Amino acid sequence: MTPWTVAHTPEEAGISSRGLLNYLDAVANTPEVEHHAIMVLRHGKLAATMNFAPYDNQAPHMLFSLSKSFTSAAAGFAVQEGLLHWEDKVLDILPDKAPENPSQWLQSVTLSHLLMMGSGLDPKSDEVGGEDWAKAVLACECDHEPGTHFHYNSHGTYLVSCMVQRVTGMTVRDYLLPRLFEPLGIPKPEWDCCPEGINVGGWGLYLSCDSIARFGQCLLQKGMWQGRQLLPLEWYEKATVKQIDNSGGTEQPDNEWAQGYGYQFWRTRGNRFRGDGAFGQICMVSPDLDMVVAITCGTNDMGKEMQLLHEYLFPAAQMEPGTAEEQAELTRRLAALQHPWPADDGSGVEIAGTFSDGETTLTIRQEAGGLRIVEKGKDPNECSDVLYGMGQPVENTVVLYVMGEEKHIHVLCACGWQQGVLHIANRQVMAPFAMYATLTPVAEGLEMDMTGIGYPTKKALLKKQ
């Protein structure tokens with residue numbers, strides 16, 4: 001069930017169609033920011049949905065660190081139910097994970113410190129692994145007094161997940177199901193776990209853009225949802241305000257990441273707050289404008305993505321209404337949003353065979369409808385085997401292992417010859433990752449020029465084997 005009214009025009013929700021056209025123009029001129037889906041809500045109405053094919057606003061998407069805001073909400077519920085307290089010490093809740101002779105600083109780390117990224121844990125704690133993550137994190141000790149120094153630490157959020165699971169007997173995901181996900185109408189999501197079966201907390205959650213928007217609208221309403229207080233009000237009032245300075249002691253009015261930090265939420269310019277995740281996943285709330293923006297994305301430059309929001313999207317709520325012609329143009333533009341695939345001009349040549357530079361090995365063969373490319377790296381586990389549709393995408397299923405669990409990843413792949421150069425592209429439809437490359441036939445083999453989102457930039461000569 002749709003939890004909001006869908007506006008017939010953005011103007012019905014207090015958003016200018018002209019402003020949204022300006023935003024789309026700016027997006028088109030910023031190719032390094034590849035939006036997947038955007039939902040804009042104002043005054044409780046859905047003003048616009050922007051789906052950039054092949055993506056949409058309904059498919060679950062990797063959230064990366066936007067997961068943290070949901071872990072924070074789970075901690076808020078546990079406090080509301082008397083199972084945790086803000087000043088509970090992590091070593092009191094997880095005594096079996098403590099190192100021998102913990103320092104006074106480590107003994108004083110609280111739930112509140114972890115949520116505000118002020119635990120003081122040594123940065124190397126964010127790089128540990130093994131079978132017992134909590135022990136490994138806490139063994140790193142603190143290099144600052146808790147509460148005095150901001151340091152972004154995803155494993156600190158993992159400790160919050162551990163604390164919630166310890167006192168509730170449920171993973172954060174399962175604990176949130178009846179308390180948040182189900183009431184908001186969010187389908188049961190996937191959430192990656194550590195080797196001990198604890199949700200990783202700081203990342204690993206998969207939600208659609210629509211689900212992000214529901215969470216954002218609930219936050220905008222201070223936790224109210226369909227007539228009842230769904231999210232704990234005390235948690236909301238702590239989570240979304242500045243709990244710790246993250247400016248390094250110097251005011252940085254134009255720095256999106258230096259406006260203060262709450263409980264797993266960033267304060268942002270324009271008196272807004274947001275949860276966000278790597279490669280551009282965003283839930284941004286503007287109480288002053290009564291507005292929510294939810295985004296799934298693929299970008300290596302989140303700063304530019306934020307700039308687009310502040311310079312073009314939020315100002316659309318303060319512009320004069322668009323004309324009927326602008327509304328019609330916006331409807332046309334929204335229906336045509338897509339990321340293009342390589343076209344084929346018929347200039348292809350025979351390139352079947354195996355090519356390598358010692359690090360990357362490609363084996364290429366012709367198949368019906370396209371080219372099959374098997375890529376192997378130095379690591380024997382680094383191998384992909386996909387069919388690239390000639391001039392149009394083909395869906396492939398790739399098996400990856402995430403946190404030791406087998407995941408079947410859907411990847412769309414296409415290729416096309418353009419003036420004797422083979423262009424290839426693949427996109428993971430539930431993730432920000434996308435790879436683009438050109439393969440130019442030369443006497444020795446193939447010149448490869450690869451780039452993408454979540455992929456390294458690489459130029460190499462792959463010699464025919």
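The values are calculated or read from the model by the stated rules, or taken from the named source; none is laboratory data. These numbers were taken from a predicted model, which means no experiment stands behind them. Here Cβ is always computed from backbone atoms with ideal geometry, including for glycine, and neighbour counts include all displayed protein chains. In case anyone asks, the SASA skips ligands and DNA or RNA and just uses the protein heavy atoms, side chains included. Shrake-Rupley method; radii C 1.70, N 1.55, O 1.52, S 1.80 Å.
Taking 16 Å as the straight-line reach from the Cα of LYS222, the aspartates and glutamates in range (excluding those fewer than 8 positions away in the same chain) are GLU234, GLU237, ASP288, ASP290. Count Lys and Arg as plus one, Asp and Glu as minus one, and take only other residues whose Cβ is under 15 Å from that of ARG269; the net charge is then -2. Just add up the charged neighbours of PRO253: K/R +1, D/E -1, any other residue whose Cβ is under 15 Å from the Cβ of PRO253. Summing Lys/Arg as +1 and Asp/Glu as -1 gives -1. SER161 contributes about 0 Å² of solvent-accessible surface, heavy atoms of the protein only, 1.4 Å probe. Which pairs break 31 Å Cα to Cα here: LYS124/LYS464; LYS89/LYS407; LYS124/LYS458; LYS135/LYS304; LYS97/LYS238; LYS124/LYS407? Pairs exceeding 31 Å: LYS124/LYS464; LYS89/LYS407; LYS135/LYS304.
For the range 202-242, what does the alpha-carbon gyration tensor say about shape, rounded, prolate or oblate, given a ≥ b ≥ c as the root eigenvalues, a/c under 1.5 as rounded, and a/b over b/c as prolate? Before the final figure, lay out the partial values.
Details: a/c = 2.28, a/b = 1.27, b/c = 1.79.
It is oblate, given that a/c is not under 1.5 and a/b is not larger than b/c.
In this simple spin-label model, placing a label point 7 Å from the Cα along the Cα-to-Cβ direction at both GLU234 and GLN338 gives a separation of 5.3 nm.
Computed over the alpha-carbon pairs of the range 42-92, the distance histogram in 10 Å steps reads 18, 27, 29, 17, 9 percent, short to long.
Ignoring ligands, DNA and RNA, what percent of the 1.4 Å accessible area of the chain is carbon and sulfur? Ligands and nucleic acids excluded, carbon and sulfur reach 49 percent.
Could you calculate the contour length gain from ASP174 to ALA26, that is, 0.36 nm times the residue separation minus the distance between their Cα atoms, to one decimal place in nm?
49.3 nm
Between ASP301 and THR397, the distance separating the two model label sites (each 7 Å from Cα on the Cα→Cβ line) works out to 3.8 nm.
Take TYR23, TYR152 and sort them by solvent-accessible surface of the protein heavy atoms, 1.4 Å probe, largest at the top.
Details: TYR23 0, TYR152 65 Å².
Reading off the accessible areas and sorting them downward yields TYR152, TYR23.
What translational diffusion coefficient, to the nearest whole µm²/s, does the range 215-286 have by Stokes-Einstein, given a Kirkwood radius computed over alpha-carbon pairs, a temperature of 20 °C and 1.002 mPa s viscosity? For these conditions, the coefficient is 167 µm²/s.
Determine the shape class of the range 62-126: with a ≥ b ≥ c the square roots of the Cα gyration tensor eigenvalues, call it rounded for a/c under 1.5, and otherwise prolate if a/b is greater than b/c, oblate otherwise. Oblate.
Please calculate how many Å² of accessible area the range 162-252 carries per residue, with a 1.4 Å probe and no DNA, RNA or ligand atoms counted.
Details: 3500 Å² over 91 residues.
Heavy-atom SASA per residue in the range 162-252 reads 38 Å².
For the chain, the spread of Cα coordinates along the three principal axes comes to 68, 63, 43 Å, biggest extent given first.
Across the chain, the relative contact order, built from alpha-carbon pairs under 8 Å that are at least six residues apart, equals 16 percent.
If the chain linking THR5 and SER347 were pulled fully straight, counting 0.36 nm for each residue of separation and taking away their Cα-Cα distance, it would gain 118.1 nm.
The stretch between ASP385 and ASP92, if pulled fully straight at 0.36 nm per residue, gains 100.6 nm over its current Cα-Cα span. At a probe radius of 1.4 angstrom, the accessible area of the range 268-308 per residue rounds to 23 square angstrom.
Is the range 269-332 rounded, prolate or oblate when judged by the Cα gyration tensor, a ≥ b ≥ c being the square roots of its eigenvalues, rounded requiring a/c under 1.5 and prolate requiring a/b larger than b/c? Write out the running numbers ahead of the final one.
On the way: a/c = 2.39, a/b = 1.48, b/c = 1.61.
Note, shape of the range 269-332 comes out oblate.
Efficiency by 1/(1 + (r/R0)^6): what FRET value for THR250 and LYS135, r their Cβ-Cβ distance, R0 = 35 Å, to the nearest 0.05?
Details: r = 37 Å, r/R0 = 1.05.
Efficiency computed from Cβ-Cβ geometry: 0.45.
When Lys and Arg each count +1 and Asp and Glu each count -1, what net charge do the other residues less than 10 Å away from GLY204, Cβ to Cβ, add up to?
Working: positive: ARG173; negative: GLU190, ASP192.
Residues near GLY204 contribute -1 overall.
The distance between label points at THR363 and GLU81 comes to 5.2 nm (points 7 Å beyond Cα on the Cα→Cβ vector). When the Cα centres of the range 228-282 and the range 320-339 are compared, how far apart do they sit, in Å? One Cα centre to the other: 32 Å.
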